[in-house]
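Chemist: This is the structure, below, for whatever I ask next.
The values are calculated or read from the model by the stated rules, or taken from the named source; none is laboratory data. It should be emphasised that the depicted structure is a prediction, and the values quoted were computed from it without experimental measurement. Cβ coordinates were reconstructed from backbone atoms using ideal geometry, including for glycine residues, and neighbour counts include every protein chain displayed.
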There are 2 protein chains.
Amino acid sequence: MSAPLTDAQLTEAELAELDAHWRAANYLAVGQIYLMDNPLLREPLRPEHIKPRLLGHWGTSPGLNLVHTHLNRVIRDRDLDALCVWGPGHGGPAVLACSWLDGSYTDHYPSITRDEAGMARLFRQFSFPGGVPSHVAPETPGSIHEGGELGYALAHAYGAAFDNPDLVVACVVGDGEAETGPLAASWHSNKFLDPVHDGAVLPILHLNGYKIANPTVLSRLPERELDELLRGYGYTPIHVTGDEPAAVHRALAAAFDTALDAIAGARHAARVDGSTERPRWPMVVLRTPKGWTGPAEVDGLPVEGTWRAHQVPLDQVRENPEHLRQLEAWLRSYRPEELFDAEGRPVAAVLARIPSGARRLGANPHANGGLLRRDLPLRELERFAVPVDKPGATLHEPTRVLGDYLAQVMADTAQRRDFRLVGPDETASNRLQAVYAATGKAWQAEVLPVDEHLARDGRVMEVLSEHLCQGWLEGYLLTGRHGLFSCYEAFVHIVDSMVNQHIKWLRTTRTIPWRAPIASLNYLLTSHVWRQDHNGFSHQDPGFVDHVLNKSPEAVRVYFPPDANTLLSVAEHVLSSRDYVNVVVAGKQPCFDWLGLEEARAHCARGLGIWEWAGTERGEREPDVVLACAGDVPTQEVLAAAQLLRRELPELAVRVVNVVDLARLLPAEEHPHGLKDAEFDAVFTRDKPVIFGYHGYPWLIHRLAYRRAVHPQLHVRGYKESGTTTTPFDMVVRNDLDRYRLVMDVIDRVPGLAARAATVRQRMADVRTRHAAWIREHGTDLPEVADWSWTG
Amino acid sequence: MSAPLTDAQLTEAELAELDAHWRAANYLAVGQIYLMDNPLLREPLRPEHIKPRLLGHWGTSPGLNLVHTHLNRVIRDRDLDALCVWGPGHGGPAVLACSWLDGSYTDHYPSITRDEAGMARLFRQFSFPGGVPSHVAPETPGSIHEGGELGYALAHAYGAAFDNPDLVVACVVGDGEAETGPLAASWHSNKFLDPVHDGAVLPILHLNGYKIANPTVLSRLPERELDELLRGYGYTPIHVTGDEPAAVHRALAAAFDTALDAIAGARHAARVDGSTERPRWPMVVLRTPKGWTGPAEVDGLPVEGTWRAHQVPLDQVRENPEHLRQLEAWLRSYRPEELFDAEGRPVAAVLARIPSGARRLGANPHANGGLLRRDLPLRELERFAVPVDKPGATLHEPTRVLGDYLAQVMADTAQRRDFRLVGPDETASNRLQAVYAATGKAWQAEVLPVDEHLARDGRVMEVLSEHLCQGWLEGYLLTGRHGLFSCYEAFVHIVDSMVNQHIKWLRTTRTIPWRAPIASLNYLLTSHVWRQDHNGFSHQDPGFVDHVLNKSPEAVRVYFPPDANTLLSVAEHVLSSRDYVNVVVAGKQPCFDWLGLEEARAHCARGLGIWEWAGTERGEREPDVVLACAGDVPTQEVLAAAQLLRRELPELAVRVVNVVDLARLLPAEEHPHGLKDAEFDAVFTRDKPVIFGYHGYPWLIHRLAYRRAVHPQLHVRGYKESGTTTTPFDMVVRNDLDRYRLVMDVIDRVPGLAARAATVRQRMADVRTRHAAWIREHGTDLPEVADWSWTG
């Protein structure tokens, strides 16, 4: 069933060198898990040489080491520009071992020298307090992929390959990870990879048979069924199976040669011969025992080749002399005396097949993408801004205005090819379709005459998988490029867990001097909670903002531009920024234009501000009430409420505050964008009623502002899970965020109002009653609401 | 490539009847999207007959109607007990139409009669304010699957089929949905379905070619590649392709007959012949045009068979006479006069192939699972509780104690088979392995001699996909059974979006009288943030609680049992409850036993309480300070702090409060479990310093308690994203939740302390410094911490 193998023609010397490297890496992996001292076994192993806490994952490590050994060979022989994404990244000991062997570890951490002293430090620091994590992590040279949560390895690999035409991204997919949904979807990424402009991904499905406690699904399929599955995913699998090292070395070397020849062939066909057929890219299926070369049996139970090898096969080494004996025998089985010289340096045979310089997997600059990142060419916003003579006189769809700007970015990166727009089938639905004038939608599958905007070399990526969008974009950014993810607001929760991991990555890299900053991960959340005409309750969830604001504040920014020009200004900012996750929430429906470009820029730079033109403050005294808003729909309702108050209760001094940058509400000591108390109080007062119309869950505003002096006076309206398929205005009424309710809130909270305020309040309540009757009858909004516009 | 088709031998009469039903359903679907009046076209269509807002999804509707028509046939002919999960549930008009036709709609909503008046109401209410959602929703008879977020149809179908041996669950998978990760993983559910004890799932992959704006990946694969993919997933695909109705009717009828014969054959082989080979279950690949039978062209652009048919093909019907004319022609193309009689009732031919009574898809009780749900047999907790003579004298692993209890539930449901435990490969890692004494792990793939606890009929489900765990369990609960999902705390965020949808479902069903309550969805979150010895930062995220507490409070409960007996008490409660999502957070590591069973029960019933034995209050006066805690690790640190204070500052009156039920902190008007202010103040005081040690993100406690009188005095310690692979105590120190820091917090906040408090504070700070040095040197916790226990 396998593709015919190229004869790798490994000489005995090569084989010995590859095996020496593999044994050295395995030795170093075991040493990291167990040893505090006596790293080269110069004396018999004693309990005090053993770490007090035995932590780490052995099971996958020999497989990762094997792949690393053989990638070294082909990179060196072919002068490949290659990365590897280590899906089973809990095998940190393996990747650290190989990085130490190729010298890249010492390049990044000079104290971990490539000798006995450095080896001792390498061992001790592993999974030790103050040391390095047990998984592949941002601290690991050569890595773009956190070895924690499983599912994203292959999507990251494809993201790294897009627009890197000379790169080969190997990707080890564990058979555990292969059971996850995101990974299962990722195989189809090959329908989006252009053999002309993109690099290649070489998946290596590593079947070691077991997860923590169970067999894996793919390892227990008949090989024929597995082969059909992988061919159905569009690959040509090359199967390598074995538990005898020399035979596996030969087979894997041949498999890698076959695969790389096939990649070269596909590139040639597409780039030279002009073939437009989608290549059936090669992949390797590597079937070796879990915990291979480790203890076969412990305490009478089989370990090697079973789930019991997953973490620490011998777990009583300090206390149990038999375990200690087994560990020593295990370590000596690699014959360290042949692998390391008197000073503990790897001998020449171990290093013989390792590539040099930036070709080393631990040193390839693509894995430290900030080194390659160039600022995006961003044109002046004046060309895209909408003219605003007076607030609220015109309407624009903010995301459509943004679309023109993004189209220009696409056009200006046509040669550089370092900007992509990703989204789940919604670019046009979200009104960003202007980008198609500059580039198409990536598509390598069949194209029919009726199709529009599909292009083999397109840089808009649409697939109905938020996981793929996120994974691709992460891989793209981590290798030094730029992008934007546009998504339905409710369904971005699908990637909650992925963004967690990305924020943790960014937060950690900020503490690693050699990690160069990468472009921010930018979300445009649109089709938001307040406008779901075709959909309804299932499409209404504004909680992603709450989710990301739980994470490290140094890496998270949230913006609610209230109109088209503020959206442009925010977009310019986030596309220029580095090492953040930026969440921008903006509507796609026609929205009043409140600010001209210059005002928008100033407003966004401040992050929040008083809109004096919208309020009724006079002179020096503080206002009677503050009407605050964040989000496009709340801004409209707050302004409409302010207008009602101006008409109905003109003596009331109303201040209108708009918030773009939500973190401004946090205390300065909690978030870099947080306002100092004095600044906050100057805007919101210390003791006046504040009625806050917020786009999302109202308690988020309380959570951000609870330390402020005015907090006992803060009353927030927002989404409270009351929704269905209905009109825009009915949505705000159902959630008590409508203008009439806001006026009632003001009247309820401002002390000492004129007696006629009660009449005004009743009139407001009456309109809400009228609304309820009207909508039941007509299915549309009250004319006075539908036709409303700002008159000041 | 297809399996040989059984000759369905459709007579011309049958064919005519099936086609009549399909045409009627299509007519009703179009009517719902467009018509406010004139439902039977008794007069020429005029603009005022048209809805003012045209909303809904036409594209998928004819395909869903076709499947429904043909399911009716086989259900009736074979007296099948069958459900259908409608993956493309945005095709609400189709499912509503078919439910109206089979009479189940009128059964549930008597005002929507099966005549002209009822048809008019059916049309008007669709996607109309105050009417019904545009998607398949809880309001839709026969549905267990919200038609909003895509990806979960097939997992729901499998969940419904488990332990329902006579049920056939058809499942329409849209080719858009098929691109999602969760759906891609779901195909492998067949490795977990026991042909003896479980029902069958019949996937119907509907390739209509397009999403909102793009072709779909699967529809553009060569048929051979798609066929390999589906065979690789373990199915035998039956391909039906066409755009000529009669031919498609014949082919689909034959395909369904073939598939159902194959299902019957597989059941017979497993149940009668004793075959243990995993069946290659049949599935249908149905390839028909998107928006089939709708307008071929609109405004000169192709619509039928393209993405333009996705929502409302003619969108200017009120304004554009040509659109109006096209709509009328479209509606009349179904020949309504042949389908409905003078009173608007469906004629006999339309109804001829519809099954009757509970066999109708809109009436099957499995789709209203609460009707079938029976209380779980739960034994008295006394058999499982740990003895507690005095607090803190013994240690138990709480989840291991729970495991014994769950094992009993498994044993006691061995015949009923209505309880399952799901989890991503972590049942034993989470210390619940006692359940294996009562049942095995479901597994239909190859079994090797070395394997443990695998069983074809097992009711523990382990797969490395949180999406599958969640989807299976949802389907299982929605069809009237019980279960528990045990998950690593950090990675439950993977299903954030799924739980959103499930909570929305539960919240909505609470307002639907005919929906009987179902068993709650119970999470056990363990391997939590404070103990990640093998893992570290990537495995640390306690934010799922924040996420669910954003949702409808009537459907959400969160529990932090602090020890083994409280965990038992909480487990008993959640397993008895209905219509909730219960989140239980509990550690798997040895934990002090604080409460005996009776105390635990009383404490859990109150939800929070003063632990008098732990504090130093005397007599009537209020305490000087309140030390509160929620979560096992914070409880330990708070008690250790209380012990330090008792020793160091014995004159200080310290109150210790433990919180199990987090919603107790909310105001009574915000959550059914919320305490009234007077009750809250009686526990927490109105003005004394409250130092709160919380398991998760500290601001959540502020978000819950900001309205309380004592809030300005509330100081919360919790996880603040400071973590790595390190010791348990180092984790609490890094996050300022350790006992020494808590004592310092008390000293910093209680006014008027004796002068020697400053010395005590310095001693606490010194221990923290000593900790830092010790852990760098030894990699273990300070002996005084490692050996600590409560002495009062």
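Chemist: Going residue by residue through the range B:199-211, is there one that turns out to be over 27 Å from B:W58 (Cα atoms), more than 12 Å from chain A (Cβ to nearest Cβ) and hydrophobic (A, V, I, L, M, F, W, C)? Full working, then the answer.
Modeler: Of the residues in the range B:199-211, the ones over 27 Å from B:W58 (Cα atoms) are B:199-200.
In the following step, the residues that additionally are more than 12 Å from chain A (Cβ to nearest Cβ) were identified as B:199-200.
With the extra rule that they be hydrophobic (A, V, I, L, M, F, W, C), the set shrinks to B:200.
Yes.
Chemist: When the residues of the range A:348-357 are filtered to those that are of a type outside the set (S, T, N, Q) and out of contact with any helix residue (DSSP H, G or I) (no Cβ under 6 Å at 6 or more places or on another chain), which remaining residue is surrounded by the most Cβ atoms within 10 Å (Cβ to Cβ)?
Modeler: Taking the range A:348-357 and keeping what is of a type outside the set (S, T, N, Q), we get A:348-355, A:357.
Then drop every residue that is not out of contact with any helix residue (DSSP H, G or I) (no Cβ under 6 Å at 6 or more places or on another chain), which leaves A:348, A:351, A:357.
Working: A:A348: 10, A:L351: 19, A:G357: 9.
Per the criteria, the residue is A:L351.
Chemist: I've got another one for you. Restricting attention to strands (runs of 3 or more DSSP E) lying wholly within the range B:528-645, give those where 2 or more residues are of a type in the set (V, I, T) and at pLDDT 95 or above.
Modeler: On the way: elements: B:556-559, B:581-585, B:608-610, B:625-630.
In the range B:528-645, B:556-559, B:581-585, B:625-630 are the strands (runs of 3 or more DSSP E) which contain 2 or more residues that are of a type in the set (V, I, T) and at pLDDT 95 or above.
Chemist: Okay, next question. When you scan the range A:686-698, do you find a residue that is surrounded by 23 or more Cβ atoms within 10 Å (Cβ to Cβ), within 11 Å of chain B (Cβ to nearest Cβ) and in contact (Cβ under 8 Å) with a residue 60 or more places away in the chain, even just one? Step through it out loud before you land on a result.
Modeler: First, the residues of the range A:686-698 that are surrounded by 23 or more Cβ atoms within 10 Å (Cβ to Cβ): A:690-697.
From what's left, within 11 Å of chain B (Cβ to nearest Cβ): A:696-697.
Retained after the next criterion (residues that are in contact (Cβ under 8 Å) with a residue 60 or more places away in the chain): A:696-697.
Yes, the range A:686-698 contains a residue that is surrounded by 23 or more Cβ atoms within 10 Å (Cβ to Cβ), within 11 Å of chain B (Cβ to nearest Cβ) and in contact (Cβ under 8 Å) with a residue 60 or more places away in the chain.
Chemist: Here's another thing I want to ask about it. Identify, by number, the condition in (1) surrounded by fewer than 21 Cβ atoms within 10 Å (Cβ to Cβ); (2) assigned to a helix (DSSP H, G or I) that B:E343 doesn't meet.
Modeler: Condition not satisfied by B:E343: (2).
Chemist: Can you tell me which residues in the range B:328-380 are touching a residue at least 40 places away in the same chain (Cβ under 8 Å), among the small types (G, A, S) and on the phi > 0 side of the Ramachandran plot?
Modeler: B:G344
Chemist: Another question about this same structure. Which residue is surrounded by the fewest Cβ atoms within 10 Å (Cβ to Cβ), if the candidates are limited to the range A:744-783 and must be touching a strand residue (DSSP E or B) at 6+ places or on another chain (Cβ under 9 Å) and hydrophobic (A, V, I, L, M, F, W, C)?
Modeler: Per the stated criteria, the residue is A:V750.
Chemist: Test of understanding: among A:E328, A:E304, A:E319, which residue is touching a Gly at 6+ places or on another chain (Cβ under 6 Å) and among the charged types (D, E, K, R)?
Modeler: On the way: A:E328 fails: touching a Gly at 6+ places or on another chain (Cβ under 6 Å); A:E319 fails: touching a Gly at 6+ places or on another chain (Cβ under 6 Å).
Just one listed residue meets the conditions, A:E304.
Chemist: Does the range A:516-530 contain at least one residue that is at the interface with chain B (Cβ under 9 Å from one of its Cβ atoms) and at positive phi?
Modeler: First, the residues of the range A:516-530 that are at the interface with chain B (Cβ under 9 Å from one of its Cβ atoms): none.
There is no residue in the range A:516-530 that is at the interface with chain B (Cβ under 9 Å from one of its Cβ atoms) and at positive phi.
Chemist: Counting only residues that are of a type in the set (D, E, K, R) and modelled with pLDDT of 95 or more, how many does the range B:419-450 have? Steps first, answer last, please.
Modeler: Taking the range B:419-450 as the starting set, the residues that turn out to be of a type in the set (D, E, K, R) are B:420, B:425-426, B:431, B:441, B:446.
This time we only want the ones that are modelled with pLDDT of 95 or more, so: B:420, B:441.
Total meeting the criteria: 2.
Chemist: Please go through the range A:385-430 and pick out each residue that is touching a Leu at 6+ places or on another chain (Cβ under 8 Å), in a loop (DSSP other than H, G, I, E, B) and within 22 Å of A:V495 (Cα to Cα).
Modeler: Within the range A:385-430, A:P424, A:D425, A:T427, A:N430 meet the criteria.
Chemist: Does any residue in the range B:659-680 that is under 16 Å from B:R557 (Cβ atoms) come within less than 7 Å, Cβ to Cβ, of a residue that is hydrophobic (A, V, I, L, M, F, W, C) and in a loop (DSSP other than H, G, I, E, B) six or more places away or on a different chain, and which pairs are these?
Modeler: Pairs found: B:V659/B:F560; B:V660/B:F560; B:L662/B:F560; B:G674/B:L666; B:G674/B:A668; B:L675/B:A668.
Chemist: Hey, can you tell me all the residues within the range B:646-664 that are farther than 22 Å from B:A755 by Cα and assigned to a loop (DSSP other than H, G, I, E, B)? Show your work before the answer.
Modeler: At the first step, the residues of the range B:646-664 found to be farther than 22 Å from B:A755 by Cα are B:656-664.
Matches in the range B:646-664: B:V660 only.
Chemist: Have a look at A:P195, A:P222 and point out the one that is surrounded by fewer than 24 Cβ atoms within 10 Å (Cβ to Cβ) and farther than 30 Å from B:R431 by Cα. Steps first, answer last, please.
Modeler: On the way: A:P195 fails: surrounded by fewer than 24 Cβ atoms within 10 Å (Cβ to Cβ).
Exactly one of A:P195, A:P222 is surrounded by fewer than 24 Cβ atoms within 10 Å (Cβ to Cβ) and farther than 30 Å from B:R431 by Cα, namely A:P222.
Chemist: Out of the helices (runs of 4 or more DSSP H) lying entirely within the range B:87-178, which hold 3 or more residues that are surrounded by fewer than 24 Cβ atoms within 10 Å (Cβ to Cβ) and modelled with pLDDT of 95 or more? Full working, then the answer.
Modeler: Numbers: elements: B:92-101, B:104-108, B:116-125, B:153-161.
Result: B:104-108, B:116-125.
Chemist: For the range B:495-503, does any single residue satisfy the condition of being of a type outside the set (D, E, K, R), farther than 27 Å from B:V545 by Cα and at the interface with another protein chain (Cβ under 7 Å from one of its Cβ atoms)?
Modeler: Looking for residues that are of a type outside the set (D, E, K, R), farther than 27 Å from B:V545 by Cα and at the interface with another protein chain (Cβ under 7 Å from one of its Cβ atoms), one finds none in the range B:495-503, hence no.
Chemist: If I go through the range A:409-451 residue by residue, how many of them are free of Cβ contacts under 8 Å to residues at least 24 places away in the same chain and either of a type in the set (V, I, T) or within 13 Å of chain B (Cβ to nearest Cβ) (or both)? Show your work before the answer.
Modeler: Filtering the range A:409-451 down to residues free of Cβ contacts under 8 Å to residues at least 24 places away in the same chain leaves A:415, A:428, A:440-441, A:446-451.
Among the residues that remain, those that are also either of a type in the set (V, I, T) or within 13 Å of chain B (Cβ to nearest Cβ) (or both) are: A:428, A:440-441, A:446-451.
The total comes to 9.
Chemist: All but one of (1) modelled with pLDDT of 95 or more; (2) within 14 Å of another protein chain (Cβ to nearest Cβ) hold for B:L55; state the number of the condition that does not hold.
Modeler: Failing condition for B:L55: (1).
Chemist: For B:E572, only one of the following conditions fails: (1) crowded, with 24+ Cβ neighbours inside 10 Å; (2) over 19 Å from the mean Cα position of the chain (by Cα); (3) of a type in the set (D, E, K, R). What is its number?
Modeler: (1)
Chemist: Name the residues in the range B:137-186 that are aliphatic (A, V, I, L, M) and within 10 Å of chain A (Cβ to nearest Cβ), would you? So that I can check it myself, show each step before the final result.
Modeler: We begin by selecting, within the range B:137-186, every residue aliphatic (A, V, I, L, M); these are B:137, B:144, B:150, B:153-155, B:157, B:160-161, B:167-170, B:172-173, B:178, B:183-185.
Scanning the range B:137-186 gives B:A137, B:L150, B:A155, B:A178, B:L183, B:A184, B:A185.
Chemist: Could you go through the range B:248-258 and let me know if any residue there is at the interface with another protein chain (Cβ under 8 Å from one of its Cβ atoms) and not hydrophobic (A, V, I, L, M, F, W, C). Outline the logic, then answer.
Modeler: Our first condition is that a residue be at the interface with another protein chain (Cβ under 8 Å from one of its Cβ atoms); within the range B:248-258, this holds for none.
Among the residues of the range B:248-258, not one is at the interface with another protein chain (Cβ under 8 Å from one of its Cβ atoms) and not hydrophobic (A, V, I, L, M, F, W, C), which makes the answer no.
Chemist: Got at least one residue in the range B:306-325 being more than 20 Å from B:N65 (Cβ to Cβ) and within 14 Å of chain A (Cβ to nearest Cβ)?
Modeler: Step one: list which residues in the range B:306-325 are more than 20 Å from B:N65 (Cβ to Cβ), which gives B:315-325.
From what's left, within 14 Å of chain A (Cβ to nearest Cβ): B:315, B:318.
Yes, some residue in the range B:306-325 is more than 20 Å from B:N65 (Cβ to Cβ) and within 14 Å of chain A (Cβ to nearest Cβ).
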